[in-house]
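Input: a single structure, listed below in structure tokens.
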Amino acid sequence: MMLLEMAADGFGDRVALGPADGGLTYRDLYNSAGAASVRFRSDGGSHVAMADLSSAALPISLFGAAWADLPFVPLNYRLPDGELASLASRISPATVVTDPDSPDRLTGIDGIGLLSRHGLMGLVDGAEPPEPEWDMTGEGTAIELFTSGTTGEPKAAVLRHRHLVSYVLGSVEFMGAHEDEAALVSVPPYHVAGIAAILSNVYAGRRVVQLPTFAADDWVALVRAESVTSAMVVPTMLTRIVEVLNAEGPDGPGLPTLRSLSYGGGRMPSPTIQRALELLPTTAFVNAYGLTETSSTVALLGPDEHREAMASADPAIRARLGSAGRPLPTIEVTIRDDLGDEVAVGQPGEIWVRGEQVSGEYRGSAPRLTADGWFPTHDGGWMDADGYLHVTGRIDDVIVKGGQNVSPGGIEEVLVSHPAVADAAAIGLPDRQWGERIIAVVVLHPAASATPDELRDAVRDRLRSNRTPDHVEFVASLPYNDTGKLLRRVLRSDLAHLGDGSTG
Amino acid sequence: MPALKPGSRFTSSVCTTQVIVVKGAGEVDLTCGGAPMLAAAAGTAADGGQPADGASGGTLMGKRYVDPDETVEVLCTKPGDGSLGIGDALLDLKDAKPLPASD
């Protein structure tokens, strides 16, 4: 609440959310958060949750929960009813802000009180806030976000107020935004980057425009309608946005107001980012790497670094385009082997991070932190000699063939660079002889064609031969979730028949 | 003398200034308007008094203040009439260097 209180005191009349003309001001947002906190406190729950698309109710509930010293839990509304209900019962007793178009989800769960978005907006409209009395130590839990692990039940990652405040103060200047700026947030409420974007933009005084359901043409139209100056997307969104802009042709209107575009949440295919850099020559691109457990961004590849890498003939500099950039000044990064020992520069291992914004805490589970405060990310990667962090993918996704570790990312990069290929994934399936066999799962561009041998040759030519896919499977599309993550588990399960059923 | 750690919050005893610690460790004689600052809690306010001469330049919300070594950095969360210091030595406004925002 400190961030919002400063915003309301410092620039309360600026528009915080919505259209430049008539949107919710910071003072309105502050007052609404206060009114919401009264309702949340009187409901008597231990948590405030949301199972709804983005709307003004999101920042109001986020800050209202903070005012009431209750954790805010944005839930994945895309989950099937049973799974959503299971998450809700884990945070019961709780007030859950719901989608008015799906009022009956989550009824009848012990301790769960439902408050429709309309109901919330009605009760905060024009209401006076109570006296400020939120906890000032920063130790209270601000957010709990359920993260999907590869096995078992989702774990609730805990972010305390001090983690989030530390992240914002370390990367944003108070009132650093000019009044003509506007940020477009199109990730769902349960994506940590969306929460981080709200907090950062409130503190900077930058108006937030929300796109509750992503569609690339709607995104492009909204950037133009609201003169959006900055936006944050996941890689799959950028691929679709590039298709729309491409289709408008070289004389298309482009996105002249878009001063900066940041992306993260997964690996960015090089064809997409390169095309985006060409289509948007005056836009500053930022790659932000981070996890839920680290309050989002811990490393950045900045705008100049993107352009320099694009233009460079030096392969080492060019390779930075595929990197996560350099760690934030407030963050330490180390690459460790299986035993937890530091590896040499340039060597691959697991990425560990440490810093004030890093939590690593889970509700009801042991924290994932070493005794000296390092958080092992479960991401594989390496640091180059210039201090750039390269992320190769989740270590759980590494394919182990013939005793060798094969990162899917490298294979996928080569496949996606083939002109006929729109998207690709590499997964490992059981193989009696090799342990795992490499399956390339490929989506071709409409009307394009490529033979499996052509694609296997492409990989063999660029990478070591043990990375050549054993089989190429053509599919219509790859499964992604709302936060842009490729669902490898789903692929492995759907294509299990391509393995030989052996185990271990 | 308060123990400083990142995230801890302090309030002036002689004006409306409040700060949050961005960098700092150990026991530091954090002052505002020449008087020791108090740990902030809801409802804590100045108990009257005035900033001392020489420490009444005022603080600005959102600005960062540092000691010469930059081992202590505090950010002003509420402005006031006093000036921040460590003991009698006043803190300076931190040089504005662009921060690497990504959101």
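The values are calculated or read from the model by the stated rules, or taken from the named source; none is laboratory data. Predicted, not measured: the structure shown is a model, and the values here were computed from it. Here the Cβ is made from the backbone with ideal geometry for all residues, glycine too, and neighbour counts use every protein chain on show.
Remarks
- Among residues of segment A:150-181 being in contact with a helix residue (DSSP H, G or I) (Cβ under 9 Å, 6 or more places away or on another chain) and of a type in the set (Gly, Ala, Ser), the one that is farthest from the other protein chains (Cβ to nearest Cβ) is A:Ala156.
- The residues of segment B:68-81 that are part of a loop (DSSP other than H, G, I, E, B) and either closer than 16 Å to B:Ile20 by Cβ or of a type in the set (Ser, Thr, Tyr) (or both), listed by number, are B:Thr71, B:Val72, B:Pro79.
- Here A:Asp218 clears all of (1) of a type outside the set (Val, Ile, Thr); (2) assigned to a helix (DSSP H, G or I); (3) in contact (Cβ under 8 Å) with a residue 24 or more places away in the chain except the condition numbered (3).
- Number of residues in segment A:440-461 that are aliphatic (A, V, I, L, M), in contact with a His (Cβ under 8 Å, 6 or more places away or on another chain) and under 22 Å from A:Pro479 (Cα atoms) equals 3.
- Strands (runs of 3 or more DSSP E) fully within segment A:270-373 that include at least 2 residues being touching a Leu at 6+ places or on another chain (Cβ under 8 Å): A:284-291, A:296-301.
- Number of the exception - B:Gly85 against (1) at positive phi; (2) touching a Leu at 6+ places or on another chain (Cβ under 8 Å); (3) small (Gly, Ala, Ser): (1)
Yes/no matrix, rows are residues, columns are (1) more than 23 Å from A:Gly138 (Cβ to Cβ); (2) over 20 Å from the mean Cα position of the chain (by Cα); (3) at pLDDT 95 or above:
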position: A:Arg160; (1), (2), (3): no, no, yes
position: A:Ser166; (1), (2), (3): no, no, no
position: A:Ser171; (1), (2), (3): no, no, no
position: A:Ala177; (1), (2), (3): yes, yes, yes
position: A:Val187; (1), (2), (3): yes, no, no
position: A:Ala193; (1), (2), (3): no, no, no
position: A:Ser200; (1), (2), (3): no, no, yes
position: A:Gln210; (1), (2), (3): yes, no, yes
position: A:Ala216; (1), (2), (3): yes, no, yes
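- Across segment B:72-88, the qualifying residues are those that are out of contact with any Gly (no Cβ under 7 Å at 6 or more places or on another chain) and more than 14 Å from chain A (Cβ to nearest Cβ), and the one among them that is modelled with the lowest pLDDT is B:Asp88.
- Taking (1) in contact with a strand residue (DSSP E or B) (Cβ under 7 Å, 6 or more places away or on another chain); (2) within 14 Å of chain A (Cβ to nearest Cβ) in turn, B:Ala41 satisfies each apart from (1).
- Strands (runs of 3 or more DSSP E) contained entirely in segment A:47-146, each with at least 1 residues that are touching a Ser or Thr at 6+ places or on another chain (Cβ under 6 Å): A:47-51, A:94-98, A:112-116
- Of the residues making up segment A:135-149, not one is surrounded by fewer than 19 Cβ atoms within 10 Å (Cβ to Cβ) and within 7 Å of another protein chain (Cβ to nearest Cβ).
Okay, residues lined up against (1) in contact (Cβ under 8 Å) with a residue 60 or more places away in the chain; (2) among the hydroxyl-bearing types (Ser, Thr, Tyr); (3) buried (at least 18 other Cβ atoms within 10 Å of the Cβ):
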position	(1), (2), (3)
A:Asp43	yes, no, no
A:Ser46	no, yes, no
A:Met50	yes, no, yes
A:Ile60	yes, no, yes
A:Phe63	yes, no, yes
A:Val73	yes, no, yes
A:Ser89	no, yes, no
A:Pro93	no, no, no
A:Val97	no, no, yes
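- Subset of segment A:450-475 (residues that are modelled with pLDDT of 95 or more, surrounded by fewer than 16 Cβ atoms within 10 Å (Cβ to Cβ) and part of a loop (DSSP other than H, G, I, E, B)): A:Thr451
- Among the candidates A:Gly435, A:Gly393, A:Gly402, the residue that is under 22 Å from A:Gly380 (Cα atoms) and loosely packed, with under 14 Cβ neighbours inside 10 Å is uniquely A:Gly402.
- Selection within segment A:303-319 - buried (at least 20 other Cβ atoms within 10 Å of the Cβ) and within 14 Å of chain B (Cβ to nearest Cβ): A:Glu305, A:His306
- Which listed residue is polar (S, T, N, Q), out of contact with any Ser or Thr (no Cβ under 7 Å at 6 or more places or on another chain) and within 13 Å of another protein chain (Cβ to nearest Cβ), from A:Ser230, A:Ser186: A:Ser186
- So A:Ser200, is it facing chain B (nearest Cβ under 9 Å) and crowded, with 23+ Cβ neighbours inside 10 Å: yes
- A single entry from A:Arg437, A:Arg462, A:Arg488, A:Arg432 fulfils the requirement of being within 24 Å of the chain's Cα centre (by Cα) and in contact (Cβ under 8 Å) with a residue 12 or more places away in the chain: A:Arg488.
- Residue that is nearest to the other protein chains (Cβ to nearest Cβ), among those in segment A:242-252 that are at pLDDT 95 or above and closer than 28 Å to A:His178 by Cα: A:Val242
- Sole exception among (1) free of Cβ contacts under 8 Å to residues at least 40 places away in the same chain; (2) within 14 Å of A:Leu486 (Cβ to Cβ) for A:Ala426, by number: (1)
- No other residue among A:Gly119, A:Gly113, A:Gly126 is surrounded by fewer than 20 Cβ atoms within 10 Å (Cβ to Cβ), of a type outside the set (Asp, Glu) and at positive phi apart from A:Gly126.
- A:Arg39 at pLDDT 95 or above, outside any loop (DSSP other than H, G, I, E, B), more than 23 Å from A:Thr137 (Cβ to Cβ) and in contact with a Gly (Cβ under 6 Å, 6 or more places away or on another chain): no
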